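Just so it is clear, none of the values below were taken in a lab; they were calculated from the coordinates. What you see is a predicted model; the values in this text were computed from it and never measured. Glycine also receives a Cβ, built like all others from the backbone with ideal geometry; neighbour counts cover every protein chain displayed.
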Amino acid sequence: MKLPNDRLLLHLARDRRRAVDPDDVYFLEATGQTTLVRLRSSRRLRDTRTLGDLVPLLSPFGVVRVHRNHAVNVRHVLDVRRRGGEADWEVKLEPPVNRVLPVSRMYLKKLWAAFGES
């Protein structure tokens, strides 16, 4: 569901929200019952919701879960590659983030589907 103004409210605390542009979201990282949201800037914001709660909200904007602890915005993926000759895969995000995140076999098909692959 796309929001009328294309902004998303992150829940920073029970009584505080931050409006962000979903395109500025590079990746999400689960940290227990909260989620770190990495933005285009070097900032990380901690949302009080779980990764499982946030991914469906951001999926209309290109965010797909790739691991039990990570979701990425496919608009910012630079490379999808095998990890060191293993059967596992990883994604490298474009600058300025340049982070490499694992892709679990369980979520690989969802990543391919996000790029229109089968």
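Overview of values
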quantity: Cα-projected label distance for R81 with W112, points at 7 Å along beta-carbon direction, nm; calculated: 2.1
quantity: Dipole axis of the chain (+1 Lys, Arg; -1 Asp, Glu on Cβ), positive-most option in L54, V91, Y26; calculated: L54
quantity: Rounded FRET efficiency, nearest 0.05, which uses the C-beta distance separating K92 from A13 and R0 of 41 Å; calculated: 0.80
quantity: The chain: most fluctuating residue of R17, R68, R44 per GNM, C-alpha cutoff 10 Å; calculated: R17
quantity: Degrees between helix 105-114 axis and first principal axis of the chain (Cα, 0 to 90, nearest 10); calculated: 70
quantity: Choice from V66, V91, V100 showing the highest fluctuation, given a GNM over the chain with Cα pairs closer than 10 Å; calculated: V100
quantity: Amide N of segment 60-75 lying under 14 Å from the label point, which is placed 7 angstrom from the Cα of S104 along Cα→Cβ; calculated: 65-72
quantity: Mean Cα-pair separation over length for segment 26-98, i.e. relative contact order, pairs under 8 Å, 6 or more apart, %; calculated: 26
quantity: Lys, Arg +1 and Asp, Glu -1 on Cβ, resulting dipole of the chain about Cα centre, debye, nearest 20; calculated: 260
quantity: Cubic angstrom per residue, convex hull over Cα atoms of the chain; calculated: 106
quantity: Karplus (6.51, -1.76, 1.60) ³J(HN,Hα), θ = phi - 60°, over segment 31-41, in Hz, Gly and Pro reported as x; calculated: 9, x, 8, 10, 9, 7, 10, 8, 9, 3, 5
quantity: Estimated vicinal HN-Hα couplings, Hz - segment 79-92 in sequence order (Karplus 6.51, -1.76, 1.60; Gly, Pro = x); calculated: 9, 10, 8, 6, 8, x, x, 8, 7, 7, 10, 8, 10, 10
quantity: Which of S42, S118 has the fewest Cβ neighbours within 10 Å, and the rest in rising order; calculated: S118, S42
